[in-house]
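*Asks:* Okay, handing you the structure first.
The values are calculated or read from the model by the stated rules, or taken from the named source; none is laboratory data. In this text the structure is predicted, and so the values were computed from the model without any measurement. No Cβ is skipped: glycine too gets one built from the backbone with ideal geometry, and neighbour counts run over all protein chains shown. For accessibility, only protein heavy atoms count, side chains too; no ligands or nucleic acids. Shrake-Rupley method; radii C 1.70, N 1.55, O 1.52, S 1.80 Å.
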Amino acid sequence: HRYARGTALAALGRRDEARALLGQLREASQAAALADGGETANPVLSIAAYALAGEIALRAGEPAAAVERFRRAVQIEDSMVYEEPPLWYYPMRHSLGRALLEAGDPVGAEAAYREDLARFPKNGWSLLGLARSLEAQGRTGEADDARARFAAAWASADVGLEASRF
């Protein structure tokens, strides 16, 4: 609840309220870590805290800080045992890639999206992010290919995307 509400508040520009919820989320995550034996003992709470911190930083115009938070969330996500459905509801590389693009690192964003596509081959979110990262590098032909793959993957969707993460 704190993660979802904090993310919504960050998107609305209500950063102080989002930060207050982040503080509460961090307290819950730390309490769980103490009880369970470490940060990755409860990976969902840990990812939620880093993801919310990244969202707040990104919405505050601090993409480099967001990249740091999202990288940590990706590391925790990667350490989790694979389950179906996954414990965390979306690949954190979507957020990492978007933050890398906003930080002016399209090569890093490309790597994040390609890694996600290695795990989830036709993921439309990552295909769009990959196209954007390739466009930012001036690799038009490859970007066109990624856009075509995105169009095929997203053909039946009822919502448009503007980025790899809302």
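*Asks:* Can you tell me which residue within the stretch 119-131, out of those that are open to solvent by less than 80 Å² (accessible area, probe 1.4 Å) and in a helix (DSSP H, G or I), is nearest to VAL107 (Cα to Cα)?
*Replies:* Among those residues, the one meeting the criterion is LEU130.
*Asks:* Kindly indicate which of ARG165, ARG132, ARG98 is under 27 Å from ALA11 (Cα atoms), of a type in the set (D, E, K, R), in contact with a helix residue (DSSP H, G or I) (Cβ under 7 Å, 6 or more places away or on another chain) and at pLDDT below 95.
*Replies:* Every option except ARG165 fails the conditions.
*Asks:* Name the residues in the stretch 1-16 that are outside any loop (DSSP other than H, G, I, E, B) and either at pLDDT below 95 or within 19 Å of PHE166 (Cβ to Cβ) (or both), would you? It would help to see each step written out before you state the result.
*Replies:* Taking the stretch 1-16 and keeping what is outside any loop (DSSP other than H, G, I, E, B), we get 2-11, 15-16.
Residues satisfying the conditions are ARG2, TYR3, ALA4, ARG5, GLY6, THR7, ALA8, LEU9, ALA10, ALA11, ARG15.
*Asks:* Looking at VAL67, VAL74, VAL81, VAL44, which one is in a helix (DSSP H, G or I), open to solvent by 40 Å² or more (accessible area, probe 1.4 Å) and of a type in the set (A, V, I, L, M, F, W, C)? Give the derivation first.
*Replies:* On the way: VAL67 fails: open to solvent by 40 Å² or more (accessible area, probe 1.4 Å); VAL74 fails: open to solvent by 40 Å² or more (accessible area, probe 1.4 Å); VAL81 fails: in a helix (DSSP H, G or I).
Just a single option satisfies the conditions, and that option is VAL44.
*Asks:* Please identify the pairs in which a residue from the stretch 138-166 that is among the β-branched types (Val, Ile, Thr) has its Cβ atom under 9 Å from the Cβ atom of a residue that is buried (at least 16 other Cβ atoms within 10 Å of the Cβ), counting only partners at least 6 apart or on another chain.
*Replies:* Final answer for the pair search is THR140/LEU134.
*Asks:* Which residue out of ALA32, ALA51, ALA109 is assigned to a helix (DSSP H, G or I), small (Gly, Ala, Ser) and farther than 15 Å from SER164 by Cα?
*Replies:* Of the residues listed, the single one that is assigned to a helix (DSSP H, G or I), small (Gly, Ala, Ser) and farther than 15 Å from SER164 by Cα is ALA32.
*Asks:* With the condition kept exactly as written, say whether any residue in the stretch 156-164 is surrounded by 11 or more Cβ atoms within 10 Å (Cβ to Cβ) and not in a loop (DSSP other than H, G, I, E, B).
*Replies:* no
*Asks:* Then there's this: Among the numbered criteria (1) within 11 Å of the chain's Cα centre (by Cα); (2) in a helix (DSSP H, G or I), which one does TYR89 miss?
*Replies:* TYR89 satisfies all of (1) within 11 Å of the chain's Cα centre (by Cα); (2) in a helix (DSSP H, G or I) except (2).
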